[in-house]
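A short worksheet on the structure shown next.
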Amino acid sequence: MVIMDATDTTLVQLLEENSRIPTVELAAMLTLPEAEVEERIRALQADGVIRRFTTIVDRTRTGLSEVSAILELKVSPERDYGYDRLAERIARFDEVRSVRLITGTYDLHVLVTGRDMQAIARFVSEHIAPMERIRETATHIIMKSYKENGTLLVGRETGGERQPFSL
């Protein structure tokens, strides 16, 4: 575990909100020299605290068709490894966006994307369901996203219209 001071914590929070804030602005917010802010960012990256800078895209505005689904998996834990090895194996698929160990009825929560619902169904039936230690799957197609990683994707300009959906 990396030990962070209050400045590192604030820096990480600011970058989580907007990873494109120029270092000169971060330096002003933190009352630090710009060179120190740049060094702190490099150190946080080297320590694995900051894994990657990314963009949140509102897919409904792109015209690109892509379907997302949540997979809930019941898993038999592996002796000495628990859920880790299976979760890491699942995480290696390109279709998988996130894998989380959760409490409740299911053990793993997996977010996947595909070209369409049939691609999602094929991925689950060919790659996930047949895996050893997977006892049960539940697939939930995401019909609309309202908020992603703390960013609202809907607002007054959308008119609150309901999105068409058909199977």
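Here, each number is a calculation from the coordinates, and none is a lab measurement. Because the structure is a prediction, the values reported are computed rather than measured. Note that we place each Cβ from the backbone using ideal geometry, even for glycine, and neighbour counts take in every protein chain shown.
For the chain, the residue among Ile141, Val24, Pro77 whose Cα projects farthest onto the positive side of the dipole built from Cβ charges is Ile141. In sequence order, the stretch 84-100 has phi-based couplings of 4, 5, 5, 4, 5, 5, 5, 4, 6, 6, 4, 5, 8, 9, 7, 9, 9 Hz under the Karplus curve 6.51 cos²θ - 1.76 cosθ + 1.60, θ = phi - 60°, and Gly or Pro positions carry x. Residues in the stretch 29-46 carry Karplus couplings, in order, of 5, 8, 6, 10, x, 4, 4, 5, 5, 4, 5, 4, 4, 4, 5, 5, 5, 4 Hz; the curve used is 6.51 cos²θ - 1.76 cosθ + 1.60 with θ = phi - 60°, and Gly or Pro positions show x. The simple spin-label model puts a point 7 Å past each Cα toward its Cβ; for Ser65 and Ala129 those points are separated by 2.3 nm. Helices in the chain, meaning DSSP H runs of at least 4 residues, each add -39500 (n - 2.57). Divided by all residues, the mean residue ellipticity at 222 nm is -8500 deg cm²/dmol.
Work out the FRET efficiency for Thr31 and Val154 from their Cβ-Cβ distance, taking R0 = 45 Å, and round it to the nearest 0.05. Can you show the working numbers first?
Values: r = 36 Å, r/R0 = 0.80.
According to the calculation, E is roughly 0.80.
Net length available on complete extension from Asp47 to Gln13 is 10.6 nm, with 0.36 nm assigned per residue and the Cα-Cα distance removed. Over all alpha-carbon pairs in the stretch 59-142, figure out the percentage whose distance exceeds 22 Å. Percentage above 22 Å: 23.
Under a 5 Å amide H cut-off, with hydrogens placed 1.01 Å from N, Tyr83 pairs with Glu78 among residues at least 5 apart or on other chains.
Per-residue 3J(HN,Hα) values for the stretch 141-147, derived from phi via the Karplus relation 6.51 cos²θ - 1.76 cosθ + 1.60 with θ = phi - 60°, read 6, 7, 8, 7, 9, 9, 8 Hz in sequence order (x marks Gly and Pro).
If each residue of separation counts as 0.36 nm, what is the full-extension length gain between Met1 and Arg122 once their alpha-carbon separation is subtracted? Can you show the working numbers first?
Values: separation 121, 0.36 × 121 = 43.56 nm, distance 3.88 nm.
Result: 39.7 nm gained on full extension.
Considering Cα pairs under 8 angstrom that are at least six residues apart, work out the relative contact order of the chain and quote it in whole percent. Walk me through the numbers on the way to the answer.
Working: 171 pairs, mean separation 34.8, N = 167.
So the answer I get is 21 percent.
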